[in-house]
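Report on one structure; see the data block that follows.
The values are calculated or read from the model by the stated rules, or taken from the named source; none is laboratory data. The structure displayed is predicted, hence computed values, not measured ones. Here the Cβ is made from the backbone with ideal geometry for all residues, glycine too, and neighbour counts use every protein chain on show.
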Amino acid sequence: MHLKLALVFALVALFSLPGHARDTKHLLSIDEAMSSADFQERLDPNVRLYFGDTPHPQPLQRRGEYVSNKKTNAVGKSDRRACEWVLLSALLSLQERAVAEGGNAVVNIRSYYKKNTFSSTTEYECHTGAVIAGVALKGEVVKLP
């Protein structure tokens with residue numbers, strides 16, 4: 001009886017401890033991701049993507065600023081692979097929005113995770129946990145010459 005009671009108290013104590021979910025921040029290379037076969041095959045070459053303050057032609061029309069907040073299942077994937085997969089999903093979403101709004105490019109693309117802006121021409125921000133990876137991007141849809 002004492003053993004059962006001790007086991008119950010041990011389990012209650014274990015489950016009473018605060019949980020700490022993993023939320024690892026990564027700053028990863030845009031060029032490495034964009035050069036992968038998945039990106040080359042799936043991104044629309046007719047909708048150009050400009051990260052951070054990368055120079056681009058003067059827009060003929062501005063169609064608005066949009067956010068793409070994507071998550072993916074990270075189980076069984078390395079953090080890098082999960083981050084690249086969810087980045088691709090976020091970029092595809094921005095390209096789809098550009099087409100829907102009559103644009104042909106997305107400029108000033110920056111990370112926007114939990115509404116915190118990180119702008120770079122070389123890196124994007126991704127967060128990984130035990131089972132989920134997430135990327136949020138914000139960019140302006142434009143019509144370029």
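From Lys25, Lys70, which residue is part of a strand (DSSP E or B) and loosely packed, with under 14 Cβ neighbours inside 10 Å? Before you say what the answer is, go through the steps one by one.
Working: Lys70 fails: loosely packed, with under 14 Cβ neighbours inside 10 Å.
Going through Lys25, Lys70 in turn, just one is part of a strand (DSSP E or B) and loosely packed, with under 14 Cβ neighbours inside 10 Å: Lys25.
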Of all residues in segment 51-67 being of a type outside the set (Val, Ile, Thr) and in a loop (DSSP other than H, G, I, E, B), the one that is nearest to the chain's Cα centre (by Cα): Gly52
Could you give me the residue pairs with C-beta distances under 6 Å whose first residue belongs to segment 104-118 and is more than 18 Å from Val86 (Cα to Cα), whose second residue is of a type in the set (Lys, Arg) and crowded, with 17+ Cβ neighbours inside 10 Å wherever it lies, and which are 6+ apart or on separate chains? Ala105/Arg48
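Here is a check on your reading of the model: is Asp53 surrounded by 13 or more Cβ atoms within 10 Å (Cβ to Cβ) and either out of contact with any strand residue (DSSP E or B) (no Cβ under 8 Å at 6 or more places or on another chain) or not small (Gly, Ala, Ser) (or both)?
Details: surrounded by 13 or more Cβ atoms within 10 Å (Cβ to Cβ): no; either out of contact with any strand residue (DSSP E or B) (no Cβ under 8 Å at 6 or more places or on another chain) or not small (Gly, Ala, Ser) (or both): yes.
In short, no.
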Going through (1) assigned to a helix (DSSP H, G or I); (2) farther than 23 Å from Val131 by Cβ; (3) aliphatic (A, V, I, L, M); (4) modelled with pLDDT of 95 or more one by one, Ile109 fails only at (1)
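Quick check: is even one residue across segment 78-99 part of a loop (DSSP other than H, G, I, E, B) and out of contact with any Leu (no Cβ under 6 Å at 6 or more places or on another chain)?
Looking only at segment 78-99, we keep the residues that are part of a loop (DSSP other than H, G, I, E, B), and these are 78.
Narrowing the set further to residues that are out of contact with any Leu (no Cβ under 6 Å at 6 or more places or on another chain) leaves 78.
Taking every residue of segment 78-99 in turn, at least one turns out to be part of a loop (DSSP other than H, G, I, E, B) and out of contact with any Leu (no Cβ under 6 Å at 6 or more places or on another chain).
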Is one or more of the residues making up segment 25-38 at pLDDT 60 or above, among the basic types (Lys, Arg) and more than 30 Å from Gln95 (Cα to Cα)? no
Does Thr128 fit the bill of being surrounded by fewer than 16 Cβ atoms within 10 Å (Cβ to Cβ), touching a Gly at 6+ places or on another chain (Cβ under 9 Å) and within 14 Å of His26 (Cα to Cα)? no
Residue tally, condition within 19 Å of Asn73 (Cβ to Cβ) and among the small types (Gly, Ala, Ser), over segment 96-134: 4
